[in-house]
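Read through the structure below, which is laid out as structure tokens, and then see the notes.
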Amino acid sequence: MKTILLVDDEERMLDLLTIYLSRFYITIKAKSGIEAIALMKQKRPDLILLDIMMPDLDGWETCKQIKSFSEVPIIMLTARNEKIDVVKGLKIGADDYITKPFDEEELLARIDAVLRRAVVLNSDRINFEGLIWDEDSHELTYNNQYIQVTPKEFSLLGLLIKNKNKVFSRDHLLEIIWGNTSFTEYRTIDSHMRNIREKLRQADFPVDLYLETVWGVGYKWTDKQ
């Protein structure tokens, strides 16, 4: 069974979530963002349900800090549903957003969808022509040279390399990597791809031989060389 970390300062909400989810998942509770970050460094949950309105360290800052060292999927769980709050959560790395009061079936469906996207991205270590993509250390290197990339760039590159010769449309990439296309535009994908190409070129990796733009569709990583 997969493990979900529940983060909320209200004991009643933690108990309610545990009742809903314990039939399908192992649940771990944290009553604050600080406690959640500490637990993340001890355990490796498969997903986090994270409340926003918490004292001391709110959900936004908790999400930001967790995403700085982990790619664990995060669903923001809150009574706030203003568009600006949704956008803020997605921009700092949240994978989805659901408001209270929530429907049990919808919550389970959201969790299932986010976990399925995470499975696509999961891997340990890939070595492609000396370019090493390491999920565990979250590092990208070429001939022992470290290449600094953002979390989204890292995920995009890993997805493409693991699915060599498969064309991904921009819609598909937005759905898999960002998890929600409503607040992200196609040019975001194109910008990330330009950055990936430039960073790999600077490391002397022959990226133009492998990372291809399929005009009018999207991108693919080819192993034809």
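Tell me, please, whether a residue that is more than 22 Å from the chain's Cα centre (by Cα) and of a type in the set (Val, Ile, Thr) can be found in the range 215-222.
yes
Is it the case that some residue within the range 22-41 is surrounded by 15 or more Cβ atoms within 10 Å (Cβ to Cβ) and either touching a residue at least 60 places away in the same chain (Cβ under 8 Å) or of a type in the set (Phe, Trp, Tyr) (or both)?
yes
Filter the range 118-149 down to the residues that are surrounded by 14 or more Cβ atoms within 10 Å (Cβ to Cβ), at pLDDT 90 or above and assigned to a loop (DSSP other than H, G, I, E, B) and list them by number.
Val149
Confirm whether Leu107 is part of a strand (DSSP E or B), modelled with pLDDT of 90 or more and either closer than 23 Å to Asp171 by Cα or open to solvent by less than 30 Å² (accessible area, probe 1.4 Å) (or both).
no
Can you find, within the range 42-60, the residue that is surrounded by the fewest Cβ atoms within 10 Å (Cβ to Cβ) among those that are within 17 Å of the chain's Cα centre (by Cα) and farther than 20 Å from Lys100 by Cβ?
Among those that are within 17 Å of the chain's Cα centre (by Cα) and farther than 20 Å from Lys100 by Cβ, it is Arg44.
What pairs come out if I take residues in the range 67-78 that are among the aromatic types (Phe, Trp, Tyr) and pair them with residues that are open to solvent by 10 Å² or more (accessible area, probe 1.4 Å) and part of a loop (DSSP other than H, G, I, E, B) whose C-beta lies under 9 Å away, six or more apart or interchain?
Listed pairs, sorted by first residue: Phe69/Lys41; Phe69/His138.
Inspect the range 183-200 for any residue being more than 17 Å from the chain's Cα centre (by Cα), at positive phi and modelled with pLDDT of 90 or more and give the result as yes or no.
Among the residues of the range 183-200, not one is more than 17 Å from the chain's Cα centre (by Cα), at positive phi and modelled with pLDDT of 90 or more, which makes the answer no.
Suppose we filter Lys220, Lys152, Lys166 for residues that are touching a residue at least 24 places away in the same chain (Cβ under 8 Å) and in a loop (DSSP other than H, G, I, E, B); which single one remains?
Lys166
The values are calculated or read from the model by the stated rules, or taken from the named source; none is laboratory data. Just so it is clear, the model here is predicted, and its values are computed rather than measured. Reconstructed Cβ throughout: ideal geometry from the backbone, glycine too, with neighbour counts over all protein chains shown. Ligands, DNA and RNA are stripped out before the accessible areas are found, and what is left, the full protein with its side chains, is counted by its heavy atoms. Shrake-Rupley method; radii C 1.70, N 1.55, O 1.52, S 1.80 Å.
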